[in-house]
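Okay, so here's the structure we're looking at.
The values are calculated or read from the model by the stated rules, or taken from the named source; none is laboratory data. Fair warning: this is a prediction, and the values are worked out from it, not measured in the lab. Glycine also receives a Cβ, built like all others from the backbone with ideal geometry; neighbour counts cover every protein chain displayed. Protein only, heavy atoms only, side chains kept; ligands, DNA and RNA dropped before computing areas. Shrake-Rupley method; radii C 1.70, N 1.55, O 1.52, S 1.80 Å.
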Amino acid sequence: MTKSLPYDPKSIESIIEYAVRLEGHTLREFIGLQSIDDPHKRRGAFGDALEKDYFNLELNSNPNPDFEEVGLELKSTPLRRNSKGKLSAKERLTVGQINYMDIVNERFETSHFLKKINDVLIVSYEWEKNISPVDYVVKLVFRWHIPEEDLPQIRHDWETVVQKIRDGRAEDISCSDTIYLEAATKAANNRVTTEQPFSSIGAKPRAWAFKRSYMDGVTNDQLEKKAQRIKRSEEEKETDLLTLIRARFRPFFGMADTELVERLEIPKSKSSAARVTNRILGVGDADHILEFEKAGIKSKTMKLRMNGMPIEALSFPSFDYFELEKRPFEESDFLGYLQRMYLFVIYRMDDHGVQRLTDVCFWQMPDKDLSEARRCYEQMQKNVREGRADKSVRSNENRCCHVRPHAQRRSDTRPQPHGAPTTKKSFWLNQGYLKTEIERVLKQQ
């Protein structure tokens with residue numbers, strides 16, 4: 001006997017009306033659910049309970065949308081409060097497993113991915129570390145589909161990944177390959193592999209997922225955070241993000257940094273370079289750029305010598321010694337900085353010592369280099385635990401990164417767990433590593 005449902009599964013309006021009732025409530029409050037699988041043992045437990053206990057859906061791995069009769073997919077996503085008390089996306093939104101053997105025969109427009117994500121009901125709840133998932137408060141319930149202006153980039157991301165599979169290089173797929181959509185690893189450890197069609201080399205199992213930064217942009221849209229889009233002409237509607245940005249910058253390539261400030265009527269200050277970038281992209285000096293928020297992109301001005309070596313290493317915010325001691329690399333701010341996407345706005349010194357705008361590129365640390373970054377992090381962590389927070393990790397000890405003071409004066413110190421306060425420090429990317437990476441991405445684009 002078919003179980004009676006509290007909504008009409010043939011009516012999207014009925015499904016959404018029933019879903020919206022959850023806003024401001026918990027599963028315990030609304031349906032009396034008293035227990036749930038421990039999410040620390042199995043991720044997705046809240047989502048499973050939402051499907052099974054609230055919507056009375058059968059849990060399965062069917063590639064079709066959850067509400068199949070109306071083509072509506074159900075997704076639950078956790079939100080967390082940042083240090084300023086604002087809600088943001090906690091993690092990526094997984095869409096579905098990638099079948100390497102089948103996807104090489106698909107086209108984006110008719111792909112299983114697009115069918116699965118064409119029309120989505122998103123239930124966003126506030127995650128809290130020390131409470132039961134039955135007490136997570138549902139904050140947002142909304143119907144969502146890929147915005148028309150995001151579709152060109154998502155198509156580009158999808159095709160980038162699929163082309164690697166068609167080239168027999170599925171083992172080389174990296175989250176740094178793409179902007180909004182990623183092929184996220186799904187195996188419990190690196191030893192688990194699956195077959196791919198055009199190579200005998202095993203590849204990590206992966207699933208389509210919207211990046212955490214993209215979901216942050218989606219959430220902010222719903223929470224009415226104002227941000228400006230980069231304006232597109234009619235001919236640019238199908239253009240991916242990097243191509244669009246390069247088109248904006250191209251007319252200014254070859255111009256000196258001082259000439260740009262003058263031409264764009266920007267007052268000289270420490271923020272002049274950042275304001276040049278915003279003016280070229282056609283957004284206000286203080287405006288958020290929506291495309292950047294969805295991609296988690298941070299703009300960085302990179303000034304190079306004639307030989308391509310950056311004049312300076314790239315620094316990240318100074319760290320807290322107590323946090324560094326106790327937090328594993330996987331939960332560190334440092335890893336978060338490395339996993340975000342950067343827009344490098346590149347200036348190169350000419351024969352007369354003048355810095356000229358020469359190119360732009362997107363960069364994110366490749367997955368293969370994260371183990372080297374981990375080694376740097378854990379070495380500094382060891383120093384702190386041994387009461388040697390004053391000892392840094394030198395650039396000649398690590399191929400990618402190092403640790404050094406990040407203070408304007410010697411009196412800028414921070415307390416440490418096992419000794420006297422010591423100078424503020426941060427992680428930095430090595431100049432030689434940046435040179436190699438900039439050359440790599442410029443060659444590929």
Requested in this report: For Lys10 paired with Asn56, estimate the spin-label separation in nm (one decimal), with each label point 7 Å from Cα along the Cα-to-Cβ line.
Outcome: 1.6
Report task. Enter the Cα centre distance for the pair region 356-409 and region 287-319, rounded to the nearest angstrom. Result -> 16
**Report entry** region 50-73-region 93-161 distance, computed between alpha-carbon centres (Å)
**Finding:** 14
Report task. With a 1.4 Å probe and every protein chain left in place, tell me how much accessible area Ile179 has, in Å² to the nearest 10. Result -> 10
Query raised in the report: Along the positive direction of the dipole of region 147-190 (beta-carbon charges: Lys, Arg +1; Asp, Glu -1; about the Cα centre), which of Ala187, Trp158, Pro147 reaches farthest?
Result: Ala187
Query raised in the report: Taking 0.36 nm per residue of separation and subtracting the Cα-Cα distance, what length does fully extending Lys237 through Asp320 add?
Result: 25.5 nm
Query raised in the report: Say R0 is 35 Å: what FRET efficiency, to the nearest 0.05, do Glu397 and Arg340 get from their beta-carbon distance?
Result: 0.90
Query raised in the report: Lysine pairs in region 232-372 8 or more apart or on different chains: how many have alpha carbons under 27 angstrom apart?
Result: 16
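Accessible area per residue, 1.4 Å probe, Å², for the chain: what's the number? Numbers along the way, then the final one.
Numbers: 22980 Å² over 445 residues.
Solvent-accessible surface per residue comes out at 52 Å².
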Query raised in the report: For the chain, what does -39500 (n - 2.57) per DSSP helix run (n ≥ 4), summed and divided by total residues, give at 222 nm, in deg cm²/dmol to the nearest 500?
Result: -8000 deg cm²/dmol
Query - With DNA, RNA and ligands ignored, accessible area of Glu17 (1.4 Å probe; Å², nearest 10) - result: 120
Query - Label-point gap, in nm, between Arg385 and Arg414 - each point 7 angstrom along Cα→Cβ - result: 1.9
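Roughly to the nearest percent, how much of the accessible area of region 186-296 is carbon and sulfur, given a 1.4 Å probe?
Here carbon and sulfur together make up 48 percent of the probe-accessible area.
Could you work out how much longer the chain between Val354 and Ser271 gets when fully extended? Use 0.36 nm per residue separation minus the Cα distance between them, nm to one decimal.
Working: separation 83, 0.36 × 83 = 29.88 nm, distance 1.87 nm.
Full-extension gain reported as 28.0 nm.
So if we plug the beta-carbon distance of Ser371 and Arg191 into 1/(1 + (r/R0)^6) with R0 = 25 Å, what FRET efficiency do we get, rounded to 0.05? The partial results should precede the final answer.
On the way: r = 15 Å, r/R0 = 0.59.
After rounding, the FRET efficiency stands at 0.95.
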